[in-house]
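What follows is calculated from the coordinates using simple rules that are stated; it is not laboratory data. The shown structure was predicted, so the numbers you read here are calculated from the model rather than taken from an experiment. FYI the Cβ positions are ideal-geometry reconstructions off the backbone, even for glycines, and counts take in every protein chain you see.
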Ligand SMILES: NC(=O)c1ccc[n+]([C@@H]2O[C@H](COP(=O)([O-])OP(=O)(O)OC[C@H]3O[C@@H](n4cnc5c(N)ncnc54)[C@H](OP(=O)(O)O)[C@@H]3O)[C@@H](O)[C@H]2O)c1
């Protein structure tokens, strides 16, 4: 009669730890109007969730203290109201609380595909894939023959950015936090060059060497020192889609911004932040392009899967630490 629930037990000051999460038994949810009861199969952990752990105003409300963590997920419907557009046994995708049995708003979920791999619908074929597509093509305006540099290149968004840029005929460079990731980018995903930002002496020199013709599009996932280094190597009229700044998400007080922003003027560079949620109208075109590239073997889907509902906090902490290659997922149940 009770269901396991993972809550926010304390707001982190600096890096997230296991102590920031609570694991409790709560009363099973009771069906009410406009709601579904679902069992999660996969839960997504995403960097933006770190911001929701802070008590700060943003584009999305903070998690409430003592209440369940919430993330994107794919779940099986186990109870519905009569007249619902969903049926028991349906697969749904959307935002859901971290509960083994969850009450979700019908309007907060949509049908998930039983044909496509479930994990990929939360990764390369879902929100992170659309982020890469919109950031690279709509905001970054990447053109064939141009040099595209992407940071956090082995992650969910970055790995798709690099592959889409290769499909588009760009010269592609990535940075990542381990030698294994660098090897993966070059050998598995066909990046033209890649470097380990943690071990190079100087990111600016590493970028100059990796990008002999300079950078035309810098897809920024990390901000901080990498953004500063990339600005030095950008060409005139370069574009910088600001997707994320993960290097600052865990710091207790924000680092000063890049010291060289005057380069934006000298080189007439356009730097533009964007949110994927503003671009849901592009999902249809992205989904059809991505399905074609997947079938042609041009788009590879990579995931790091952590098993077990109770390990969701560990998966999230691991994501922020860089444990993942591709999309970090929690597999709650196989069926
Ligand atoms: N604007 C939007 O709408 C939107 C949507 C989705 C995601 N995002 C942003 O896009 C970025 C990537 O998200 P994702 O879901 O694809 O995550 P991800 O890249 O799969 O995972 C995060 C990665 O960030 C790297 N990282 C952690 N700390 C770092 C640091 N101090 N400096 C540099 N890299 C660090 C780690 O890889 P390494 O081993 O390489 O360090 C880690 O694997 C995040 O900044 C996220 O907030 C934005």
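May I ask for the angle, rounded to the nearest 10°, between helix 283-295 and the longest principal axis of the chain, with both axes built from Cα atoms and the value confined to 0 to 90°? The angle comes out near 80 degrees. Entry note: the stretch 206-277 has Rg to Rh equal to 0.97, where both radii use alpha-carbon atoms and Rh is the Kirkwood radius. The mean sequence separation of alpha-carbon pairs under 8 Å and at least six residues apart, normalised by the residue count of the chain, gives a relative contact order of 17 percent. Panel note: the C-alpha atoms of the chain, placed on their principal axes, show extents of 62, 44, 34 Å (largest first).
Each peptide in 105-111, 316-322 gets a packing score, the mean of other Cβ atoms within 10 Å over its residues, and the list from highest to lowest is 316-322, 105-111.
Suppose R0 equals 25 Å; then what is the FRET efficiency for residue 267 and residue 298 from their Cβ-Cβ distance, rounded to the nearest 0.05? That gives a FRET efficiency of 0.20. Estimated at 0.36 nm per residue, the fully extended path between residue 323 and residue 259 surpasses their Cα-Cα distance by 20.0 nm. Normalised by 2.2 N^0.38 Å, with N the number of residues, the alpha-carbon radius of gyration of the stretch 1-121 equals 1.10.
Within the stretch 292-335, find all residues whose amide N lies under 17 Å from a label point positioned 7 Å from the Cα of residue 19 along Cα-to-beta-carbon. Once the point is set 7 Å along Cα→Cβ of residue 19, 314, 317 turn out to lie under 17 Å by backbone N, inside the stretch 292-335. The simple spin-label model puts a point 7 Å past each Cα toward its Cβ; for residue 1 and residue 251 those points are separated by 5.2 nm. Extension gain for residue 138 to residue 202 (0.36 nm times residue separation, less C-alpha to C-alpha distance): 20.0 nm. Residue ranges 247-256, 22-31, 303-312 sort as 303-312, 22-31, 247-256 when ordered by packing (mean number of other C-beta atoms within 10 Å per residue, highest first). The mean sequence distance of close C-alpha pairs (under 8 Å, at least 6 residues apart), as a share of the length of the stretch 214-335, puts its relative contact order at 20 percent.
Protection proxy ranking of 128-135, 236-243, by the mean of other Cβ atoms within 10 Å over each peptide's residues and highest first, is 128-135, 236-243. In the chain, the longest principal axis of the Cα atoms and the axis of helix 156-167 are about 50 degrees apart. Only beta bridges with both residues in the stretch 59-178 are counted; by DSSP, about 70 percent of them are antiparallel.
Here r is the Cβ-Cβ distance between residue 64 and residue 88 and R0 is 22 Å; the resulting FRET efficiency, rounded to 0.05, is 0.15. The distance separating the Cα centre of the stretch 193-259 from that of the stretch 286-311 comes to 26 Å. Between the C-alpha center of the stretch 92-143 and that of the stretch 9-81 there is a gap of 16 Å. Relative contact order for the stretch 211-261: 44 percent, from Cα pairs under 8 Å spaced at least 6 residues apart, divided by residue count.
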